[in-house]
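Undergrad: Quick one: structure below, then a few questions.
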Amino acid sequence: MLEVELKAALTPEQAAGLPDRLEAMGFADSALLQETDLYWNGGGRDFRETDEALRLRRVADLRTQKAENLLTYKGPRRDSRSNTRLEHETSVGSMETARQLLEALGYQAAYIVEKRRREFTREGITVCLDQVAGLGNYLELEILLRDGMDRDAAIDRLLALLDSLGVSREALCRRSYLELLIAADTVRKSL
């Protein structure tokens, strides 16, 4: 599945005002999550060089107190306008067993990214308000493309939403949180 994504840095004031604005636009406040991402390298290639990612994520729902673990592969970016990537994701029962499996296959845990995420949804669009440890506040706008859906139309739809939220296109960022943390030299390298 292709994930079309736009990401923008937010000021603290923007971050504080967006939940009310999104609800006024008809978005449903759908989740409040704590996510811990463990990124991997190995298997004969450096994912930073190939613009790929292999991630083991623990997601804790802060409202229901339920948690799940996800294993995700993200392919290289597909265009110059967005963070569109091929994405494969599956649930895994045990974080520790998944970690042991990856290590047995020669992968090494490389980096950790932690964030608190509030999600809003409407008509196939997910809006994420993220507080990323070591970085600050960000907005992610996402559409998962199904067969036959047009990527450029999805990007245009997300750009129009960004504009209507009052977030400048100059705040857009194509780098992942991991890339931003590495650049800022604030990424955690172990649990």
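The values are calculated or read from the model by the stated rules, or taken from the named source; none is laboratory data. As the structure is a computational prediction, the values presented were derived from the model and not from experiment. FYI the Cβ positions are ideal-geometry reconstructions off the backbone, even for glycines, and counts take in every protein chain you see. We work out accessible area using only protein heavy atoms, side chains counted, and drop any ligands, DNA or RNA first. Shrake-Rupley method; radii C 1.70, N 1.55, O 1.52, S 1.80 Å.
Undergrad: What are the residues in the range 146-178 that are part of a helix (DSSP H, G or I) and open to solvent by 60 Å² or more (accessible area, probe 1.4 Å), if any?
TA: Residues satisfying the conditions are R151, D152, D156, R157, D163, R169, E170.
Undergrad: Which one of these does V4 not meet: (1) more than 19 Å from K115 (Cβ to Cβ); (2) in contact with a Gly (Cβ under 9 Å, 6 or more places away or on another chain)?
TA: The one condition V4 does not meet is (2).
Undergrad: Criterion first (open to solvent by 30 Å² or more (accessible area, probe 1.4 Å), touching a Ser or Thr at 6+ places or on another chain (Cβ under 6 Å), part of a loop (DSSP other than H, G, I, E, B) and touching a residue at least 12 places away in the same chain (Cβ under 8 Å)) does G106 satisfy it?
TA: no
Undergrad: Please determine, by comparing only the residues of the range 110-133 that are of a type in the set (G, A, S) and surrounded by 16 or more Cβ atoms within 10 Å (Cβ to Cβ), which one is nearest to Q14 (Cα to Cα).
TA: Here the answer is A133.
Undergrad: Also, I was wondering about something else. From the list A98, A67, A28, pick out the single residue that is under 30 Å from L165 (Cα atoms), small (G, A, S) and at pLDDT 95 or above.
TA: Of the residues listed, the single one that is under 30 Å from L165 (Cα atoms), small (G, A, S) and at pLDDT 95 or above is A28.
Undergrad: Also, quick follow-up: Scan the strands (runs of 3 or more DSSP E) fully inside the range 1-92 and keep the ones with 3 or more residues being in contact with a His (Cβ under 7 Å, 6 or more places away or on another chain) and loosely packed, with under 14 Cβ neighbours inside 10 Å.
TA: Result: empty, no element qualifies.
Undergrad: Continuing with the same structure: Taking the range 179-191 as the search range and keeping residues that are touching a Leu at 6+ places or on another chain (Cβ under 9 Å) and more than 30 Å from D20 (Cα to Cα), which one is least open to solvent (accessible area, probe 1.4 Å)?
TA: Filtering the range 179-191 for residues that are touching a Leu at 6+ places or on another chain (Cβ under 9 Å) and more than 30 Å from D20 (Cα to Cα), the one least open to solvent (accessible area, probe 1.4 Å) comes out as V187.
Undergrad: Looking at (1) at pLDDT 95 or above; (2) open to solvent by 60 Å² or more (accessible area, probe 1.4 Å); (3) under 18 Å from the mean Cα position of the chain (by Cα), find the lone condition where L139 falls short.
TA: Answer for L139: the failing condition is (2).
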